[in-house]
Amino acid sequence: MIAEQLAHTLDPALWSRDILGFTPDPWQERVLRSTGRHLLLNCARQSGKSTTAALLALHQAHFRPGSLVLLVSPSLRQSGELFRKVAEMLDRLQVRPKKIEDNRLSVMLENHSRIVSLPGTEGTIRGFSRASLVVEDEAARVDDALYYAVRPMLAVSNGRLILMSTPWGRRGHFHKEWTEGEGWERTRIAALECPRISPAFLEQERASIGEWWYRQEYECEFVETEDSVFQYELVMGAIDPSVKPLFGIGGTI
């Protein structure tokens, strides 16, 4: 029993299979077993990224007392949906930990771990600190200001940060971290790699929603916005980092 509990403490994939009856896809298993502090999940819609994040959130809170797990999304409704997945998994545990606090948007367990879902506004999250795990859902649509406000919460705790999303053009921090960021463990899962999504459905989707949307939603590509005047490569190629800006940081007024 002790050996099994230790194995479940160290291996979220094994724990999800044995205790929750959930068999992860191979890519989910890799992510669940990852020890990386910074994870980027660029995954097609309905591929299982939210389920994977919910498993990691609950495992962190359940097995590491005193953890603070924050769920961030562009809106409170979206954060609430991810929190609901966590709550449903918590209720399925064979031996459920006692809840000290329990409401629609947060829960505190008897081991003093907390899971909190937050709205997508920078001004509402600055009161939190020492986060053990921050999950940013639909990261491509989260404001950059919110992302930069989240990062300092991990400085003292040395906690983990997970950004997960489908792409939404070549803009924002999700695109920047995916293409330029250092120290990230990247996972890209297109729809064809998900066994629950049929090729026939995808062909129908390609014909219905058009190539631009299809490549983003199902092939995880960062494509140009349809109304762009200049291509991304042209804009970036015109930037000379040796030239100091006239305004803002490093410049004069």
field: Matching residues, segment 48-72, being among the charged types (D, E, K, R) and under 16 Å from residue 130 (Cβ atoms)
entry: 64
task: Determine which single condition residue 137 fails, assuming it passes every other condition in (1) free of Cβ contacts under 8 Å to residues at least 24 places away in the same chain; (2) buried (at least 17 other Cβ atoms within 10 Å of the Cβ).
output: (1)
- request: Answer yes or no as to whether residue 79 is touching a strand residue (DSSP E or B) at 6+ places or on another chain (Cβ under 8 Å) and in a helix (DSSP H, G or I).
  value: yes
task: Collect the residues in segment 19-61 that are buried (at least 20 other Cβ atoms within 10 Å of the Cβ) and among the β-branched types (Val, Ile, Thr), keeping them in residue-number order.
output: 31, 52
- prompt: So how many residues does segment 62-114 have that are surrounded by 21 or more Cβ atoms within 10 Å (Cβ to Cβ), closer than 19 Å to residue 14 by Cα and touching a residue at least 60 places away in the same chain (Cβ under 8 Å)?
  reply: 0
message: Considering only residues that are assigned to a helix (DSSP H, G or I) and among the hydroxyl-bearing types (Ser, Thr, Tyr), which ones fall in segment 23-64?
response: 50, 51, 52
field: Unique match (being touching a strand residue (DSSP E or B) at 6+ places or on another chain (Cβ under 7 Å), within 19 Å of residue 48 (Cα to Cα) and charged (D, E, K, R)) among 188, 196
entry: 188
- request: Considering (1) within 22 Å of residue 184 (Cα to Cα); (2) surrounded by 16 or more Cβ atoms within 10 Å (Cβ to Cβ); (3) touching a Lys or Arg at 6+ places or on another chain (Cβ under 9 Å), say which one residue 156 fails and leave the rest.
  value: (2)
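Just so you know, all these numbers are worked out from the coordinates, no wet-lab data involved. Keep in mind that what you see is a predicted model, and the values were worked out from it rather than measured. Note that we place each Cβ from the backbone using ideal geometry, even for glycine, and neighbour counts take in every protein chain shown.
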